[in-house]
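This report concerns only the one structure given below.
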Amino acid sequence: MSLTIKPHLASSHQLKLNNNNYYCCYNNHANKLSCNKTCVSLSHHHNIKIRPRPTYSTNPLVISSWRVKGRRRVMQCGGDSLSCGVMVKSSLIEADGGVLVDLVVPESLRGGKMVEAESLPKVKLTSIDLEWVHVIGEGWASPLKGFMREDEYLQSLHFNSLRMKDGSLVNMSLPIVLAIDDETKGRIESSSHVGLLGPDGDCVAILRSIEIYKHNKEERIARTWGTTAPGLPYVEEVITPAGNWLIGGDLEVLNPIKYNDGLDNYRLSPKQLREEFDRREADAVFAFQLRNPVHNGHALLMNDTRKRLLEMGYKNPILLLHPLGGFTKADDVPLDVRMEQHSKVLEDGVLDPETTIVAIFPSPMHYAGPTEVQWHAKARINAGANFYIVGRDPAGMGHPTEKRDLYDPDHGKKVLSMAPGLEKLNILPFRVAAYDTKESKMAFFDPTRANDFLFISGTKMRAYAKSGENPPNGFMCPSGWKVLVKYYESLQAEESSQQPVLST
């Protein structure tokens, strides 16, 4: 079986798949999904070849100003607090809370807001704090409208969800918080509002109606990662050096967040993505989260997924290839290198640019396994994706002090199928792809001939690239592989130049 399509089902075990009145029944025993009178078997493998077309690296994606007929804009603005939402209906899936949050101040109001922000007490942000401002401000965390106050933090930390005023739940598995130290607390605690300074000293946002509460780091780490073992990348980079207090409040982002790294054209907001899905007349969007280069096993899965959706009755499924663009650990391939590699995958026709949107997801990476994968899935709901692909050990990593995985590699997909607040998202688990030595290509692993398959881990892939050795033919498109080799060669040259010269 190459792909198990197992949507969240209502009590009747039926799911309406699209506006053409397709209904599907999932048969767990037969491993089949029946759509109308057609049973879709999920046991066959397909090798789809796509002719090369231009890629976004040479023809950047430009978001059209085309408007969907009937789209409604819902503004909720009042008082000191700017809390504006945009109802963007992509006809696929509703944003969490029903309204896509947009906290970027309208251009006509920015001058006055900037003057006010300069007059307020200031809180200095780290680069990762700024990434969270980006995430919150564009609505990835909808319905969250700022850094969490204590009641939201406790719900997220202990229940992985937030309860709305109408009693419904939305998923919120990671606390999104802003830490401050004792000095900052003493300086701002008598204020109602504060200005947020970016790493370069510019005022980037206002945080209104603030609440300051204790930052219990040990509890936060234990409940988010399930361990307090030393060596967790996000903990060491963000939480350990952070202050002992958290500050929550309503956020107003003064200008769209830009990084000026040549990749901002890929940083499409949820609103922009929904508009692009509409422009392309997508009737299904399947999201693929990754933080590694794309190899042919990934491509096999994504192409196979699209074929399955076509067999289910969808007419125009669109792939959202959505690499994570925030903080990653030191030995991960940097974002700019990954984006260049992804562009080669499209240039070589491994993925079809006409049915693929490549965009950057701005969130930092926690490496928190089943807890974090819920966040990754929830954010794609807000971007308009109604299908989410999940594989082995999503958002996982090796144990920092022991020679084993930190999380059970199957728990991520199991948790997603049960997670509160994700019921409207269709989860697409898949079996692992590996290199088939008999066929000289990446294929879905067949346990009946396990000895024919070679598993090439990220560590092994990096070892190939560092040594200049080519992986087996068919593992990755040649031009994409050259990007990685070039990166590791430059890294080795840089390391060599920093070696001390011993005098004789």
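Listed values, structure above:
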| item | result |
| --- | --- |
| Contacts under 6 angstrom Cβ, first residue in region 88-110 being at pLDDT below 95, partner open to solvent by 50 Å² or more (accessible area, probe 1.4 Å) and in a helix (DSSP H, G or I), 6 or more apart | 88/271 |
| Boolean, residue 409 is touching an Asp or Glu at 6+ places or on another chain (Cβ under 8 Å) and surrounded by 14 or more Cβ atoms within 10 Å (Cβ to Cβ) | yes |
| Per-region count, region 456-478, residues more than 25 Å from the chain's Cα centre (by Cα) and either closer than 14 Å to residue 332 by Cβ or open to solvent by 30 Å² or more (accessible area, probe 1.4 Å) (or both) | 10 |
| Cross-chain or 6+ apart pairs with Cβ under 6 Å, region 307-334 first and over 17 Å from residue 358 (Cα atoms) and in contact (Cβ under 8 Å) with a residue 24 or more places away in the chain, then part of a strand (DSSP E or B) and not acidic (Asp, Glu) | 308/3; 309/284; 309/317; 311/40; 312/35; 312/40; 313/35; 314/284 |
| Among (1) farther than 28 Å from residue 454 by Cβ; (2) open to solvent by 30 Å² or more (accessible area, probe 1.4 Å); (3) in contact (Cβ under 8 Å) with a residue 60 or more places away in the chain, the one test that residue 292 misses | (1) |
| Those helices (runs of 4 or more DSSP H) lying entirely in region 110-174 with at least 2 residues within 20 Å of the chain's Cα centre (by Cα), on the phi < 0 side of the Ramachandran plot and surrounded by 17 or more Cβ atoms within 10 Å (Cβ to Cβ) | 127-138, 150-159 |
| Wholly enclosed strands (runs of 3 or more DSSP E) of region 410-477 bearing at least 2 residues small (Gly, Ala, Ser) and at pLDDT 90 or above | 433-436 |
| Qualifying residue in region 213-229 (condition: assigned to a strand (DSSP E or B) and either more than 23 Å from residue 131 (Cα to Cα) or under 25 Å from the mean Cα position of the chain (by Cα) (or both)) | no |
| Enumeration of residues in region 131-172 that are of a type in the set (Asp, Glu) and in contact with a Pro (Cβ under 7 Å, 6 or more places away or on another chain) | 131, 138 |
| Selection count where residues are among the basic types (Lys, Arg), in a loop (DSSP other than H, G, I, E, B) and either open to solvent by 50 Å² or more (accessible area, probe 1.4 Å) or in contact with a strand residue (DSSP E or B) (Cβ under 7 Å, 6 or more places away or on another chain) (or both), scope region 251-289 | 2 |
| Residue that is most open to solvent (accessible area, probe 1.4 Å) [pool: residues in region 422-440 that are touching a residue at least 40 places away in the same chain (Cβ under 8 Å) and over 17 Å from the mean Cα position of the chain (by Cα)] | 423 |
| Unmet criterion (only one of (1) of a type outside the set (Gly, Ala, Ser); (2) touching a residue at least 60 places away in the same chain (Cβ under 8 Å); (3) open to solvent by less than 60 Å² (accessible area, probe 1.4 Å); (4) farther than 25 Å from residue 329 by Cα) for residue 211 | (3) |
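The values are calculated or read from the model by the stated rules, or taken from the named source; none is laboratory data. In this text, all values refer to a predicted model and were calculated from it rather than measured experimentally. FYI the Cβ positions are ideal-geometry reconstructions off the backbone, even for glycines, and counts take in every protein chain you see. What goes into the accessible areas is simple: the full protein's heavy atoms, side chains included, and nothing from ligands, DNA or RNA. Shrake-Rupley method; radii C 1.70, N 1.55, O 1.52, S 1.80 Å.
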